[in-house]
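One structure is given below, encoded as structure tokens.
The values are calculated or read from the model by the stated rules, or taken from the named source; none is laboratory data. As the structure is a prediction and not an experimental result, all values here were calculated from the model. So basically every Cβ, Gly included, is an ideal-geometry build from the backbone, and we count neighbours across all protein chains shown. Only protein heavy atoms, including side chains, enter the accessible area calculation; ligands, DNA and RNA are left aside. Shrake-Rupley method; radii C 1.70, N 1.55, O 1.52, S 1.80 Å.
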Amino acid sequence: MSEGFTGGCLCGAVRFSSRASPMMAGHCHCVDCRRSSGTGHCTHAAVPEPAFELSGKASAYDRPADSGNVVTRVFCGTCGSPLFSRNAAMPGLVFVRASALDDPDVVVPSMIVYASRAPAWDRMDPDLPTFERMPPAPPGAPPGP
């Protein structure tokens with residue numbers, strides 16, 4: 001993973017950057033990620049919030065996750081492109097959508113979560129650690145997407 005990155009929405013109205021490299025990245029097949037992406041999963045990259053900058057007017061939608069923690073999904077209000085999310089249980093982290101990155105190769109997924117909810121047609125890398133749901137984060141490690 002490279003040092004820092006940039007990204008934005010389809011129409012260019014919202015841009016973001018991170019001065020930090022992703023702490024971790026993963027694919028998520030939960031129902032909310034599938035529905036908000038329009039496909040079988042989302043790929044998220046976690047970065048520390050202090051390193052993240054946003055420009056332009058973005059919209060947000062709050063929804064409780066399976067855990068009951070509120071996930072705020074941020075998107076462009078003009079073109080609808082998903083940009084990033086925040087999880088109330090993981091303060092200080094921003095989960096950037098890999099699909100919104102200018103160079104998506106700065107993300108190297110290290111896990112698959114909510115595999116039990118993956119559609120049969122969305123084949124994932126069999127070499128990645130796969131979890132039926134969201135695994136607990138080891139002490140001192142960043143949580144999953």
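Arg15 falls short on exactly one of the conditions (1) of a type outside the set (Val, Ile, Thr); (2) closer than 21 Å to Pro119 by Cβ; (3) touching a Leu at 6+ places or on another chain (Cβ under 8 Å); (4) open to solvent by 30 Å² or more (accessible area, probe 1.4 Å), and that condition is (2). Residues that are within 13 Å of Phe16 (Cα to Cα) and open to solvent by 80 Å² or more (accessible area, probe 1.4 Å) within the range 55-64 comprise just one, Lys57. Among the residues making up the range 32-47, a single one is touching a residue at least 12 places away in the same chain (Cβ under 8 Å), open to solvent by 40 Å² or more (accessible area, probe 1.4 Å) and either of a type in the set (D, E, K, R) or part of a strand (DSSP E or B) (or both): Arg34.
Within the option set Ser37, Ser21, Ser17, being closer than 23 Å to Glu132 by Cα, among the small types (Gly, Ala, Ser) and touching a Ser or Thr at 6+ places or on another chain (Cβ under 8 Å) holds for one residue only, Ser37. Entry remark, the range 85-102: residues being assigned to a strand (DSSP E or B) and either under 14 Å from Met24 (Cβ atoms) or more than 10 Å from the chain's Cα centre (by Cα) (or both) number 6 in total.
Applying the set (1) modelled with pLDDT under 95; (2) in a loop (DSSP other than H, G, I, E, B) to Val71 leaves exactly one unmet item: (2). On the stretch given as the range 103-121, residues that are surrounded by 14 or more Cβ atoms within 10 Å (Cβ to Cβ) and more than 14 Å from the chain's Cα centre (by Cα) total 3.
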